[in-house]
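The values are calculated or read from the model by the stated rules, or taken from the named source; none is laboratory data. Not measured: the values here are computed from a predicted model. Neighbour counts run over all protein chains shown; Cβ positions are idealised from the backbone, glycine included. Just the protein is used for accessible areas: all its heavy atoms, side chains included, with ligands, DNA and RNA removed. Shrake-Rupley method; radii C 1.70, N 1.55, O 1.52, S 1.80 Å.
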Amino acid sequence: MKRTERYNHHKTRVTLHTALLVAALSTVFLVCGWLVGGLEAVFVMAAVIVAGLVFMPCMSPATIMRLHRAMPVPRAHLPGLHHALEELSRRAGLARVPALYCVPSRAPNAMATGTREQSAIAVSSACFSLLNEREMFAALAHEVAHIANGDSRLNLVTEAMRQAIVFAAILGMILVALIWMWIPAVYVPIWLPFVLAFSPLVALVCQRAISRAREFGADAVAVELLGGP
């Protein structure tokens, strides 16, 4: 199998993996909402999430970077790195080049936030001393791939679903306890509180697995952006 075919196969597998995990998380969301309040509760939970994602003011990438104590990297200090980021952004089809930041940290790490229209990438200070030029370009390519893939938006959606599942599970267990104490004549299946109790854990596992799948997806796109592994 040629290298290009292997990369395409890997990207397809990661995409399917992500889709299956999102479907699993959505199933937990539907089941948990239905157990607590039926279809009406599912529709209300979904409407609240959609409304929150649409109308909630999102933090700008610059604000998020300030929260991480990140400082902008002037182009005059590292013109080669800025040029590489511009080229990677062009290859990825981003509308604007992400702003480049440095986070004071002894651990080598990097992060990206934002959309294709407005984004930022932060690289820890340890990377500048531990990585050579090619490795630094690879780190930037990985973060640019996250932006191009829309992973920030996906993470926001999955976190909203997880929080909704946690809320519904807690509410459901409270209602079950109240019914058992005050309305014993109402039948409540013994398995119901156990399902509700485990729903947040299952949702968390699905969310973490989705995040890991997107890391592999970013690796695959980064290979294309760099033209090699």
Could you check, for region 155-175, whether at least one of its residues is part of a helix (DSSP H, G or I) and hydroxyl-bearing (Ser, Thr, Tyr)?
-> yes
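Filter region 116-141 down to residues that are out of contact with any helix residue (DSSP H, G or I) (no Cβ under 7 Å at 6 or more places or on another chain) and not hydrophobic (A, V, I, L, M, F, W, C) and give me whichever is most open to solvent (accessible area, probe 1.4 Å).
Taking region 116-141 and keeping what is out of contact with any helix residue (DSSP H, G or I) (no Cβ under 7 Å at 6 or more places or on another chain), we get 117, 124-126, 128-130, 132-135.
Among the residues that remain, those that are also not hydrophobic (A, V, I, L, M, F, W, C) are: 117, 124-125, 129, 132-135.
Details: Glu117: 110, Ser124: 5, Ser125: 47, Ser129: 95, Asn132: 85, Glu133: 131, Arg134: 163, Glu135: 85 Å².
Applying the filter and picking the extreme gives Arg134.
Would you confirm whether or not region 96-107 contains a residue that is of a type in the set (S, T, N, Q), modelled with pLDDT under 95, more than 26 Å from Lys11 (Cα to Cα) and open to solvent by 40 Å² or more (accessible area, probe 1.4 Å)? Step through it out loud before you land on a result.
At the first step, the residues of region 96-107 found to be of a type in the set (S, T, N, Q) are 105.
Adding the requirement that they be modelled with pLDDT under 95 leaves 105.
Among the residues that remain, those that are also more than 26 Å from Lys11 (Cα to Cα) are: 105.
Now narrow it down to the ones that are open to solvent by 40 Å² or more (accessible area, probe 1.4 Å): 105.
Looking for residues that are of a type in the set (S, T, N, Q), modelled with pLDDT under 95, more than 26 Å from Lys11 (Cα to Cα) and open to solvent by 40 Å² or more (accessible area, probe 1.4 Å), one finds at least one in region 96-107, hence yes.
If you go through region 45-62 one residue at a time, do you hit one that is at pLDDT 85 or above and within 16 Å of Ile165 (Cβ to Cβ)?
No, because not a single residue in region 45-62 is at pLDDT 85 or above and within 16 Å of Ile165 (Cβ to Cβ).
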Applying the selection to region 78-96, what residues are in contact with a Lys or Arg (Cβ under 9 Å, 6 or more places away or on another chain), of a type in the set (Gly, Ala, Ser) and within 22 Å of Ser129 (Cα to Cα)?
-> none
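Identify all residues within region 115-154 that are of a type in the set (D, E, K, R) and not in a loop (DSSP other than H, G, I, E, B); write none if there are none. Give the derivation first.
Here is the first cut: in region 115-154, the ones of a type in the set (D, E, K, R) are 116-117, 133-135, 143, 151, 153.
Answer for region 115-154, where residues must be of a type in the set (D, E, K, R) and not in a loop (DSSP other than H, G, I, E, B): Glu133, Arg134, Glu135, Glu143, Asp151, Arg153.
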Looking at Ala185, is it modelled with pLDDT under 90 and part of a loop (DSSP other than H, G, I, E, B)?
-> yes
List pairs: first in region 105-134 and on the phi > 0 side of the Ramachandran plot, second modelled with pLDDT of 95 or more and among the small types (Gly, Ala, Ser), Cβ under 8 Å, 6+ apart or cross-chain?
-> Gly114/Ala120
Can you give me the number of residues within region 67-96 that are in a loop (DSSP other than H, G, I, E, B) and either among the small types (Gly, Ala, Ser) or closer than 13 Å to Glu143 by Cβ (or both)?
-> 5
Given the structure, is Val144 touching a helix residue (DSSP H, G or I) at 6+ places or on another chain (Cβ under 7 Å), within 20 Å of Ala222 (Cβ to Cβ), at pLDDT 90 or above and open to solvent by 60 Å² or more (accessible area, probe 1.4 Å)?
-> no
